[in-house]
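J.: Pasting in a structure now, in structure tokens, and then I'll have a few things to ask.
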Amino acid sequence: MTVRPASPAPTPAIERHTISILVDNEPGVLARVIGLFSGRGYNIESLTVAEVDRDATLSRITIVTSGTPMIIEQIKAQLGRLVPVHRVHDLTLEGPFVERETALVKVAGTGEKRVEALRLADVFKARVVDATITSFVFEVTGQGEELDRFIGLMSELGLVGVSRTGVVAMSRGPGGI
Amino acid sequence: MSAATNETSLTGADIVLKALRDQGVEVIFGYPGGAVLPIYDALFQQNDIRHILVRHEQAALHAAEGYARSTGKVGVVLVTSGPGATNAVTGLADALMDSIPIVCLSGQVATHLIGNDAFQECDTTGITRPCTKHNYLVKDVNNLARTLHEAFYVAKNGRPGPVVIDIPKDVQFAEGSYRTPADSMPKSYRPQVKPDLNRVEEAVDLLAKAKRPIFYVGGGVINAGPVASQLLTQFVRMTGYPCTTTLMGLGAFPASDRQWLGMLGMHGTYEANLAMHGCDLMVCIGARFDDRVTGKVSEFSPNSVKIHVDIDPSSINKNVRVDVPIVGDAAHVLEDMIRIWKARGKQADKAALATWWEQIEFWRARDCLKYEKTSKVIKPQFALERLRAAISGRDDVYITTEVGQHQMWAAQFMPFDKPNHWMTSGGLGTMGYGLPAAIGAQVAHPDALCIDIAGEASIQMNIQEMSTALQYRLPVKVFILNNQYMGMVRQWQELLHGGRYSESYSEALPDFVKLADAFGGVGLRASKVDEVDDVIAEMIRVKRPVIVDMCVDQKENCFPMIPGGRAHNEMLLGPDEKVENATPEDGMVLV
């Protein structure tokens, strides 16, 4: 037999994909999805879930994951065979889409730092949702990197804590999902 | 819920029984306990469904698997909460790996106690989530019937698998309404059964053009029903191409056919593995490119175009990139392939095929399963050859196995001309599988000859099921190839760990003849070559459970073998082949 010379296998590039999944809103469905990712060693960069259709009891899970194209394909096939999963859409592959994240950012301080925090919040279009003499809670919505930048700046100005939602996403245009 | 319900109200336990009857269930395998007493009470008061009392819940699952695999029906299991459910886990994982349709009902503590660490409570749905196809916790008795019917649908449709329904005790007592199966379809689960015809046409074109084609067939063809095996056989014969089957696929294509190359993979035949390595077109139907089959993935069949037919899209492009993926049920796809092949007047390339067969016959002439013939000691292969001779011509023989060397020898030496006659733990590799699986097959086929080909180590993992066999007068045969070692462990230690046989020798084995006697069965022993035939004849003659203690060569190893991390063309054909460089370092970590 001839043996094929071992061709140097090019390492496939790691891609970041945003996947939107419509599932029955039933007990355990989130555990099923998360268990699939942990059990098979897939990455979760972000995961959000909430009921989106009360009458049909459907929830939408948005997962940001990363892997080689073969792994991404595998992730979608594995999600697709879960019984409570209705639809799996790879937004990254299916055309333009919007991706948003919201953060609540608490900053404490007085004097110049407090004024600077408020000024920067204005630049980032962050809303003040709580204020005391010595603190603010800002609500800021945008792309992940935008939030990272805002939080980075706040860390110089008395950052106390951050709560982030993870990514929610939707395709652009009139089509569903 | 109201529109589709029946007017009469039933208790949860009665709903369970009614739903099982409506699903055509005749037998369930189980073990009672506190949290399932209401269902056991309902079971007591009816005569439609037979209950087989096992001695350990794991065995209930394997027995249900044996029942399911030998009949094509869904196997049904009933266990209690807590330890009942945790004991079932191995069997569930086994059924998941081998795609066996199982519905397992488990009792649960009352709903108001869930989460309180109540007696015999465990998080059954949490524990079984990764080892089932799907699972349910039913908290409302009015959802019980729908859930049961949905569970059967999920278990048998698409790629089959085990489904657990956890039923709290108060739900079993509560009264609620019943629903029919037709009224209980799941909202979301609709597996694709019919293939994309463009893809099938593409596959047929490739098939006709191939110079060195091979069919690589797995358990999916058996799961698709006997018609799929018939269609496969028809198509393979129409093309004249060679066919190899996986461990799970044995019986999908007749073993007596010259076009069959034997099993492929780690302990597959020389001709099957080299044909896989050298082919220019591979048609994989209902197999999943498992690591036991592929060997070193990067050198797996390097020059072939690959067609993959599978009902589970996640099996495609998982381990090996394929060129033509076809999602669909094997029977449907094969039907379409045959129809298109005929309609287009396709023909195999006769000249190329003749050359290919010439090459394959050259490989086949190596006679890779040959072993040393001797009258000094019973070779395990010899024992199986004599067993094969004793059962030849019968089509009512069901073979199960435990896991290890004996399993691979059984796969190599037992003839399977039909599907559903071979049951082995392929994916999970569960020692202790064979005896309960044989019991399940025997329950389904009371007059058949059900033989568990076993090793003396594996059999002890579920030996208690002899008691079940006696209770129900199931004349199962346990055919132990006793070499006093965990043979496959010893083989690997010999190959890879310098012959340091760490904990693989079993001292203090039971006397299996006396053990059979203690259970009320028949014990037979052969320790000399000239005793083998008599013992086999007696085993078959006796219409009672039998344990055969076949005392075989302790040092025999299972060949051919592809060592871990090696390619198909790097097989070891026998003990004389050099083993020093058998396994590269990166292969050592592979199991």
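The values are calculated or read from the model by the stated rules, or taken from the named source; none is laboratory data. It should be emphasised that the depicted structure is a prediction, and the values quoted were computed from it without experimental measurement. When we count neighbours, we look across all protein chains shown, and the Cβ atoms used for this are built from the backbone with ideal geometry, even at glycine. SASA here: full protein model, heavy atoms, side chains in, ligands and nucleic acids out. Shrake-Rupley method; radii C 1.70, N 1.55, O 1.52, S 1.80 Å.
J.: With angles folded into 0 to 90 degrees, how steeply does helix A:29-39 sit against the dominant principal axis of chain A? Use alpha carbons for both and round to 10.
T.: For A:29-39 against chain A, the angle is about 70 degrees.
J.: Arranged from highest to lowest average of other beta-carbon atoms within 10 Å per residue, in what order do the peptides B:203-210, A:154-161 appear?
T.: B:203-210, A:154-161
J.: Taking the simple approach of a point 7 Å from Cα along Cα-to-Cβ for both B:ARG541 and B:VAL513, what is their distance in nm?
T.: Rounded to a tenth, the inter-label distance reads 1.6 nm.
J.: Same structure again: Per residue of B:317-324, count partner chain C-beta atoms within 10 Å of its C-beta, then hand back the mean as an integer.
T.: 2
J.: So how tilted is helix A:111-123 from the main axis of chain A? Cα-based, degrees 0 to 90, rounded to 10.
T.: That helix lies at roughly 50 degrees to the long axis.
J.: Are there residues in the range A:54-82 whose accessible area shrinks by at least 30 Å² when all protein chains are included rather than the chain by itself, and which are they (probe 1.4 Å, ligands and nucleic acids not counted)?
T.: In the range A:54-82, residues shielded by partner chains: A:MET70, A:GLU73, A:GLN74, A:ALA77, A:ARG81.
J.: Also, quick follow-up: Loop-only check: which trypsin sites (Lys or Arg not before Pro) in the range B:290-354 are DSSP coil with at most 13 other Cβ within 10 angstrom?
T.: Answer by residue number: B:ARG321, B:ARG344.
J.: Right, next: With everything on Cα atoms, drop me the angle between helix A:69-80 and the longest principal axis of chain A, reported from 0 to 90° to the nearest 10.
T.: Result, in degrees: 90.
J.: Could I ask something else about it? Under a point spin-label approximation (7 Å from Cα along Cα-to-Cβ), what is the A:GLU94-B:GLN347 distance to one decimal in nm?
T.: Reported label-point gap for A:GLU94 and B:GLN347 is 4.8 nm.
J.: Taking the Cα centre of each part, how many Å lie between the range B:207-225 and the range A:90-144?
T.: 58
J.: Can you show me the helix-derived [θ] at 222 nm for chain A, built from DSSP H runs with n ≥ 4 at -39,500 (n - 2.57) apiece and divided by the number of residues, rounded to the nearest 500.
T.: Computed mean residue ellipticity for chain A: -8500 deg cm²/dmol.
J.: Can you tell me the relative contact order of the range B:457-574? Whole percent, Cα pairs under 8 Å, sequence separation 6 or more.
T.: 31
J.: Now a separate question. Springs between alpha-carbon pairs under 10 angstrom, Gaussian network model over chain A: which of A:SER59, A:SER20, A:SER163 fluctuates most?
T.: A:SER163
J.: Compute the accessible area per residue over the range B:458-498, keeping the other protein chains in place, probe 1.4 Å, unit Å².
T.: Per-residue value: 34 Å².
J.: Inside 10 Å of the C-beta atoms of A:38-45, what's the mean count of C-beta atoms belonging to other chains?
T.: Mean partner shielding for this stretch: 1.
J.: So for A:ILE44, B:ILE167, what's the accessible-area order with a 1.4 Å probe, most first?
T.: Descending accessible area places them as A:ILE44, B:ILE167.
J.: List the pairs from A:LYS76/B:LYS139; B:LYS211/B:LYS418; B:LYS528/B:LYS555 whose alpha-carbon separation is above 19 Å, in the order I gave them.
T.: Violating the 19 Å Cα-Cα cut-off are A:LYS76/B:LYS139; B:LYS211/B:LYS418.
J.: Could you give the dipole magnitude of the range A:34-171 about its Cα centre, charging the beta-carbon of Lys and Arg +1 and that of Asp and Glu -1, in debye to the nearest 20?
T.: Value, rounded to 20: 220 debye.
J.: I would also like to ask the following. Using a 1.4 Å probe on protein heavy atoms only, how many Å² of accessible area do A and B hide from each other, summed over both chains and rounded to 100?
T.: In total, chains A and B hide about 2000 Å² from solvent.
J.: Here's a follow-up. Quantify how strongly other chains surround peptide B:180-192 by giving the mean number of their Cβ atoms within 10 Å of each of its Cβ atoms.
T.: 2
J.: Just the number, please: carbon plus sulfur as a percent of the accessible area of the range B:197-364, 1.4 Å probe, no ligands or DNA/RNA counted.
T.: 52
J.: Continuing with the same structure: Starting with the highest mean, order B:91-104, B:135-148 by the number of other Cβ atoms within 10 Å, averaged over the residues of each peptide.
T.: B:91-104, B:135-148
J.: If I take every Cα pair under 8 Å that is 6 or more residues apart in the range B:2-183, average their sequence separation and divide by the length, what percent do I get for the relative contact order?
T.: Answer for the range B:2-183 is 29 percent.
J.: Measure out, as a whole number of angstrom, how far apart the alpha-carbon centroids of the range B:234-270 and the range B:315-353 sit.
T.: The range B:234-270 and the range B:315-353 have Cα centres separated by 16 Å.
J.: Answer with one residue from A:LEU58, A:VAL85, A:GLY35: the one whose Cα lies farthest towards the positive end of the charge dipole of the range A:15-95, charges on Cβ with Lys, Arg +1 and Asp, Glu -1.
T.: So the residue we want is A:GLY35.
J.: Now a separate question. Only helical DSSP H runs with n ≥ 4 go in: add -39500 (n - 2.57) per run for chain B, normalise by residue count and round the 222 nm mean residue ellipticity to 500 deg cm²/dmol.
T.: -10500 deg cm²/dmol
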